[in-house]
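The values are calculated or read from the model by the stated rules, or taken from the named source; none is laboratory data. Given the structure is predicted, the values throughout are model-derived calculations rather than measurements. Ideal geometry is used to build each Cβ from the backbone, glycine not excepted, and the neighbour counts take in all protein chains shown. Side chains included, ligands, DNA and RNA excluded: accessible areas come from the protein's heavy atoms. Shrake-Rupley method; radii C 1.70, N 1.55, O 1.52, S 1.80 Å.
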Amino acid sequence: MQQIGLRALPAELDDFLARAAKARWSPHQILEQMVQAEITERSRRSPEQRLRLSGVKRFKPMADFDWSWPTKVERDVIERALTLDFVAEARNLVLVGRNGLGKTMIAQNICHAAVLAGHSVLFRPAAALLEDLHRQTPDGRRHKLRTCANVGVLCVDEVGYLSFDDKAADLLYEVINRRYERKPVILTTNRPFKEWNEVFPNATCIATLLDRLLHHADVTVMEGNSYRVRESEQETAARRRKK
């Protein structure tokens, strides 16, 4: 059973056989119950497996997001994105804002909602994604690019936190172009688009990359001070009060 990929029955085989004997199931009934047990187990495991493969990892739920902290945040755009309306429309979602405002947290929550809704998801920091593509053999890179092109929802996190060379820009363009008008991209960045030439110096494809990324996209800008700095200051103050 394990060799052919069954998951529900091997762990409970004795109980299953006991129930079958007690109820005097026919061979046909036994097969029906085996299949139903596997369907139930795969339905239970599927979201867990998709979430593990997505790379979303641990995150705070949106219930913990302090909407009052950013001086500017388009709550309606974010809450609409959490309904996943952009997925069927193959619209991109771009979150722009300085560090510590919750862009990654929001993107992780949207990706988690997509997993629960049955979509395949790939969540990767920009640096990790581009480095992975860069170090591949030509065949390996084609395989990785196909995965990036065909996954249901792709999130490229933290574009702009590090500088890249022109080859990285070409790879990011290839990812965006392959998904253009087919599949949605979620992208977070701490740099306004006019500064992307500093993120990818000497790259010639930036204008075309942004043209593909923003053609069908909801772009929302967040402004304010870092929430992480605020939390650190609160923790420091609390420790001082205890002393």
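The set of residues from the range 134-189 being open to solvent by less than 20 Å² (accessible area, probe 1.4 Å) and at positive phi comprises just one member, Gly160. Is it true that Leu129 is touching a residue at least 40 places away in the same chain (Cβ under 8 Å), closer than 28 Å to Asn99 by Cβ and either surrounded by fewer than 17 Cβ atoms within 10 Å (Cβ to Cβ) or not basic (Lys, Arg) (or both)? Here the answer is yes, as Leu129 does meet what is asked. Restricted to the range 91-114, and to residues there that are closer than 23 Å to Leu51 by Cβ and touching a Lys or Arg at 6+ places or on another chain (Cβ under 6 Å), the residue that is most open to solvent (accessible area, probe 1.4 Å) is Met105.
Determine if the range 70-79 includes at least one residue that is among the hydroxyl-bearing types (Ser, Thr, Tyr), touching a strand residue (DSSP E or B) at 6+ places or on another chain (Cβ under 8 Å) and either open to solvent by less than 90 Å² (accessible area, probe 1.4 Å) or under 30 Å from Thr104 (Cα atoms) (or both). Looking for residues that are among the hydroxyl-bearing types (Ser, Thr, Tyr), touching a strand residue (DSSP E or B) at 6+ places or on another chain (Cβ under 8 Å) and either open to solvent by less than 90 Å² (accessible area, probe 1.4 Å) or under 30 Å from Thr104 (Cα atoms) (or both), one finds at least one in the range 70-79, hence yes.
The residues of the range 1-10 that are surrounded by 13 or more Cβ atoms within 10 Å (Cβ to Cβ) and in a helix (DSSP H, G or I), listed by number, are Ala8, Leu9. Across the range 14-33, not a single residue is classified as assigned to a helix (DSSP H, G or I), touching a strand residue (DSSP E or B) at 6+ places or on another chain (Cβ under 7 Å) and open to solvent by less than 90 Å² (accessible area, probe 1.4 Å). Any idea which residue in the range 45-85 is farthest from Leu122 (Cα to Cα), counting only those that are basic (Lys, Arg) and in contact with a helix residue (DSSP H, G or I) (Cβ under 9 Å, 6 or more places away or on another chain)? The extreme case among them is Arg80.
Of the helices (runs of 4 or more DSSP H) entirely within the range 174-243, those holding at least 1 residues that are of a type in the set (Lys, Arg) and more than 22 Å from the chain's Cα centre (by Cα) occupy 227-242.
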